[in-house]
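Report on one structure; see the data block that follows.
The values are calculated or read from the model by the stated rules, or taken from the named source; none is laboratory data. Being a predicted model, the structure only gives us computed values, none of them experimental. Quick reminder, even Gly has a Cβ in these numbers, built from the backbone with ideal geometry, and neighbours come from all protein chains shown. Protein only, heavy atoms only, side chains kept; ligands, DNA and RNA dropped before computing areas. Shrake-Rupley method; radii C 1.70, N 1.55, O 1.52, S 1.80 Å.
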Amino acid sequence: MKKLITLLMLFPLFSNAQWTAASRMSSGKGETIVTNFIRGYVELNSGTRKEGEIQLKVLNGDTVEIRIKPNGGKKEKYARDQVAKFYGIILLKDVKNDFKKPFKNFHSGKVFLENGEEKSGKIAMRVREAAEHDGTKIYGPVGVKYANENDEVTIHMAANSQIVYVIQTINGTDNHYIKVGRQFVSVGNPTGRFSYFKNPKPTHVREGTTNFTKTAIQEVGEEVAEEAAEAAARRSLKESQKRGDDFGESIGNATVAAMNTAKEVNELFTPDEDGAIYFEEYYIVDNTNLTRSIVYKKNVDEVLYSLLEGCGVDDQIPDVTNGIKELTEVMVFLEESICDQ
């Protein structure tokens, strides 16, 4: 199996939580931290690669020196500008693996990269930590911990990871996640005709909320989200996608292929800086025709009419949408009513 390539460069220090401080010292220049040694490798500007135990010297948050004990050699020191890349690895036995929430622990699974590569190993989902909260709402893990066949663990944050899709198997059940922006959101019904997942950057504004201040949004955000979660959605943004390659097929469904790779998806999501409060939205992906639709509280019927056109169920749709409380009700109706199997 090809080696999983990951950039674990510390900008800032400890962003991947793999190096820890061995010593700290304050001086007139500021705070100097020397890390513990962990396995990894250094790639010099000349292209020379040295594997062994890696230690970092950090001044005021910036890595200024990389130290390595090469396999079978003496310790060497390199200034930061002499090093093109440096990587760190930690072993699974040294990682916390007894969280109360099962998805945060390591289980068998697969990760899929932007270039179509598939990697099997042990998977744990990495959630946002308290120190990382920035006032924004997220709907899923922000990273993936991946252990290879040697139990070497690397951490991949969604914001800069090449991983676009994850399958984590817990007690025989496959849990699917797709990378959207800075998080991995759960994919519902991943192997069915229609899959769905939350849109972390919704596009439909709730009327009368555009003049809310940031403080007001923070105060009522949770309440709005809970209310919106009881329904799924308005105008369809159905878009035809090119047929997927082996990447999408290897996952067992066309969710990733239908989104036409995570890079394109992420370009759709722009920060909402207008202080508005948005309806909760979901993507519904047709895994056969490779199309996607956005649904939110006020367009469920329009989306159903579009997806089920010609199936002879138009007269049933009003009854379905009038009584809907959960998106799963829409998904069940879609699966049962689709006529172009």
TODO: Filter the stretch 88-109 down to the residues that are at pLDDT 95 or above and assigned to a strand (DSSP E or B), then identify the one that is least open to solvent (accessible area, probe 1.4 Å).
DONE: Gly109
Open item on the list: List the residue pairs whose Cβ atoms are under 9 Å apart, where the first residue sits in the stretch 303-331 and is at negative phi and aromatic (Phe, Trp, Tyr), the second is at pLDDT below 90 and open to solvent by less than 40 Å² (accessible area, probe 1.4 Å), and the two are 6 or more positions apart or on different chains.
Closed with: Tyr305/Ser236; Tyr305/Ile317
Task: Hits in the stretch 300-323 (condition: farther than 15 Å from Cys339 by Cα and of a type in the set (Val, Ile, Thr)) - done: Val300, Val303, Val320, Thr321
Open item on the list: Based on this model, can you work out whether Glu51 counts as part of a strand (DSSP E or B), more than 19 Å from Leu91 (Cβ to Cβ) and modelled with pLDDT of 80 or more?
Closed with: no
Task: Lone qualifier among Val42, Val34, Val83, Val58 - being surrounded by 13 or more Cβ atoms within 10 Å (Cβ to Cβ) and at pLDDT below 90 - done: Val42
Open item on the list: Just checking, does the stretch 187-210 include any residue being more than 30 Å from Ile338 (Cβ to Cβ), modelled with pLDDT under 90 and in contact with a Pro (Cβ under 9 Å, 6 or more places away or on another chain)?
Closed with: no
- [ ] Within the stretch 63-73, identify whether any single residue is open to solvent by less than 50 Å² (accessible area, probe 1.4 Å), hydroxyl-bearing (Ser, Thr, Tyr), out of contact with any helix residue (DSSP H, G or I) (no Cβ under 6 Å at 6 or more places or on another chain) and part of a strand (DSSP E or B), and answer yes or no.
- [x] no
TODO: Provide a single number: the residues in the stretch 291-306 that are open to solvent by 60 Å² or more (accessible area, probe 1.4 Å), part of a helix (DSSP H, G or I) and either touching a helix residue (DSSP H, G or I) at 6+ places or on another chain (Cβ under 8 Å) or of a type in the set (Phe, Trp, Tyr) (or both).
DONE: 1
TODO: For the stretch 274-287, enumerate the residues that are modelled with pLDDT under 85 and in contact with a Lys or Arg (Cβ under 8 Å, 6 or more places away or on another chain).
DONE: Gly275, Ala276, Ile277, Tyr278, Phe279, Glu280
Task: Among (1) without any contact (Cβ under 8 Å) to a residue 12 or more places away in the chain; (2) over 28 Å from Ala131 (Cβ atoms); (3) more than 31 Å from the chain's Cα centre (by Cα), the one test that Asn71 misses - done: (1)
Open item on the list: I'd like to verify a number: residues in the stretch 162-175 that are open to solvent by 10 Å² or more (accessible area, probe 1.4 Å) and within 12 Å of the chain's Cα centre (by Cα), how many?
Closed with: 2
Task: Matching residues, the stretch 128-160, being in a loop (DSSP other than H, G, I, E, B), touching a residue at least 24 places away in the same chain (Cβ under 8 Å) and either closer than 26 Å to Tyr41 by Cα or not charged (D, E, K, R) (or both) - done: Gly135, Ile138, Tyr139, Gly140, Pro141, Val142, Asn148, Glu149, Asp151
Open item on the list: Condition check: among the hydrophobic types (A, V, I, L, M, F, W, C), surrounded by fewer than 17 Cβ atoms within 10 Å (Cβ to Cβ) and in a strand (DSSP E or B). Does Ala124 satisfy that?
Closed with: no
TODO: Can you work out which of the residues in the stretch 21-31 that are touching a residue at least 12 places away in the same chain (Cβ under 8 Å) and open to solvent by less than 60 Å² (accessible area, probe 1.4 Å) is farthest from Ile89 (Cα to Cα)?
DONE: Gly30
